[in-house]
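K.L.:
Would you mind keeping the following structure in view while I ask a few things?
The values are calculated or read from the model by the stated rules, or taken from the named source; none is laboratory data. Because the structure is a prediction, the values reported are computed rather than measured. Cβ atoms come from the backbone with ideal geometry, glycine included; neighbour counts cover every protein chain shown.
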Amino acid sequence: MFKNNRWRAGLLASLVSFSGAGAQNLQPIDPLQRPRTGAGSASFSVSAGYAPDLRQTPEGLTSSVSGGLGLSASYNVTERFVVTASTGIGGARTETLNGDTVDAASRLNWNGLDVGAQYTFEGRYAPALGLDVSLPVAGGGWAVTGSASASLLRDPVILDGTLAAIWRPEGAASVSAGAGVSFVVNEAVTLRTDAVQSLTFGTLTVPSTTLGLGGAYKIDEQNSLQARTTLNVTGGRTTTGLSVTYLYRP
């Protein structure tokens, strides 16, 4: 069970969305790009991700390509309270070269349904608390994520940080801490870099570090495009990923 959850989490890492309220996703608190905060407003996003991998395993040299498509929506119940929902599909193809033999395998998964909520308090640093629940509707188990975040705007720079904890009744708990810096280039373009440090308890794993670099382009008041590349380092293993997100605010 936990092995499947780890594969799902790795695939979803390539679908990082800037606009969701998920506790694991660092959100750039950018006055040009963030969703409207008025009560009754909503936003929708579509994300596509791609993550190649090449490594030496006991079975031989293994290459794999994973990707996916994610959908998310958020709705502002009040000016400070927002609810979210997200889902997606992911696939992977793995080929292992062992001598003169090549073994290939492909798989396609529905990533289930996540629902969440976030409340932002008043204050200079815009502190916020979030809760996200992964529902066991795609063969996986429950997962509950709690998060706390804050941000500081010093035009044209925005600093933000997030601390999150994940609890799985049928798997190992984990914690992550991240920080990000966004730079407002002009009225349409924002650049961003961030870092996330994660640790899983109860398993023979080492801490994982993810570095991200991306940007957002504001097409108009309703539409924007966002892109992000990631570099993940876990022990001596390094992987990369790319995601592109389209965000619509009606």
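For every residue, the table says whether it meets (1) within 20 Å of the chain's Cα centre (by Cα); (2) modelled with pLDDT under 90; (3) closer than 17 Å to A73 by Cβ; (4) not hydroxyl-bearing (S, T, Y).
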site	(1), (2), (3), (4)
D103	no, yes, no, yes
L108	yes, yes, no, yes
G112	yes, yes, yes, yes
G116	yes, no, yes, yes
F121	no, no, no, yes
Y125	no, yes, no, no
G130	yes, no, yes, yes
V133	yes, no, yes, yes
V144	yes, no, no, yes
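One line per residue, one yes/no per condition, for (1) among the small types (G, A, S); (2) in a strand (DSSP E or B); (3) within 30 Å of Y248 (Cβ to Cβ):
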{"position": "T62", "(1), (2), (3)": "no, yes, no"}
{"position": "G70", "(1), (2), (3)": "yes, yes, yes"}
{"position": "G88", "(1), (2), (3)": "yes, yes, yes"}
{"position": "R93", "(1), (2), (3)": "no, yes, no"}
{"position": "R107", "(1), (2), (3)": "no, yes, no"}
{"position": "G123", "(1), (2), (3)": "yes, no, yes"}
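K.L.:
Can you tell me which residues in segment 154-180 are over 16 Å from the mean Cα position of the chain (by Cα) and more than 15 Å from A128 (Cα to Cα)?
P.N.:
Answer for segment 154-180, where residues must be over 16 Å from the mean Cα position of the chain (by Cα) and more than 15 Å from A128 (Cα to Cα): R154, D155, P156, V157, I158, W167, R168, P169, E170, G171, A172, A173.
K.L.:
Could you check how many residues of segment 210-228 are exposed (fewer than 13 other Cβ atoms within 10 Å of the Cβ) and not charged (D, E, K, R)?
P.N.:
3
K.L.:
Another question, if that's okay. With the condition kept exactly as written, say whether any residue in segment 118-128 is within 30 Å of L61 (Cα to Cα) and not basic (K, R).
P.N.:
no
K.L.:
Would you please name the residue that is surrounded by the fewest Cβ atoms within 10 Å (Cβ to Cβ), looking only at residues in segment 194-206 that are touching a Ser or Thr at 6+ places or on another chain (Cβ under 8 Å) and farther than 14 Å from G235 by Cβ?
P.N.:
F201
K.L.:
Just checking, how many residues over segment 183-197 are within 30 Å of G141 (Cα to Cα), of a type in the set (A, V, I, L, M, F, W, C) and free of Cβ contacts under 8 Å to residues at least 40 places away in the same chain?
P.N.:
Number of matching residues: 1.
K.L.:
What are the residue pairs meeting all of these: first residue in segment 167-182, first residue under 25 Å from P136 (Cα atoms), second residue among the β-branched types (V, I, T), Cβ atoms under 7 Å, and 6 or more apart or on different chains?
P.N.:
Pairs found: W167/V144; A172/T200; A172/T203; A173/I166; S174/I166; S174/T200; S176/V196.
K.L.:
Cβ contacts < 6 Å: first residue closer than 21 Å to A51 by Cα, restricted to segment 206-225; second residue aliphatic (A, V, I, L, M), any location; separation 6+ or different chain. Result?
P.N.:
Between residues of segment 206-225 that are closer than 21 Å to A51 by Cα and residues that are aliphatic (A, V, I, L, M), the close pairs are P207/L199; T209/V233; T210/V196; L211/A195; L211/L231; G214/A227; G215/L191.
K.L.:
Looking at V181, V185, V157, V196, which one is β-branched (V, I, T), touching a Lys or Arg at 6+ places or on another chain (Cβ under 8 Å) and under 23 Å from L247 (Cβ atoms)?
P.N.:
After ruling out the rest, the residue left standing is V181.
K.L.:
Among the numbered criteria (1) loosely packed, with under 14 Cβ neighbours inside 10 Å; (2) farther than 23 Å from Y217 by Cα; (3) hydrophobic (A, V, I, L, M, F, W, C), which single criterion is violated by V144?
P.N.:
(1)
K.L.:
Residues to consider are G171, G202, G178; find the one that is of a type in the set (G, A, S), part of a strand (DSSP E or B) and under 26 Å from T145 (Cα atoms).
P.N.:
None of the other options fit; the residue is G178.
K.L.:
Which numbered condition trips up T238, out of (1) closer than 22 Å to S134 by Cβ; (2) part of a strand (DSSP E or B); (3) at pLDDT below 90?
P.N.:
(1)
So that you can scan it fast, the table gives a plain yes or no per residue for (1) crowded, with 16+ Cβ neighbours inside 10 Å; (2) of a type in the set (A, V, I, L, M, F, W, C); (3) under 26 Å from S174 (Cα atoms):
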| residue | (1), (2), (3) |
| --- | --- |
| P58 | no, no, no |
| T78 | no, no, no |
| G90 | yes, no, yes |
| T96 | yes, no, no |
| A104 | no, yes, no |
| T120 | yes, no, yes |
| A126 | yes, yes, yes |
| L129 | no, yes, yes |
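K.L.:
For residues in segment 147-162 being of a type in the set (A, V, I, L, M) and exposed (fewer than 15 other Cβ atoms within 10 Å of the Cβ), which is nearest to F201 (Cα to Cα)?
P.N.:
A148
K.L.:
Return yes or no: is A126 of a type outside the set (S, T, N, Q) and on the phi > 0 side of the Ramachandran plot?
P.N.:
Taking the combined requirement at face value, the residue satisfies it.
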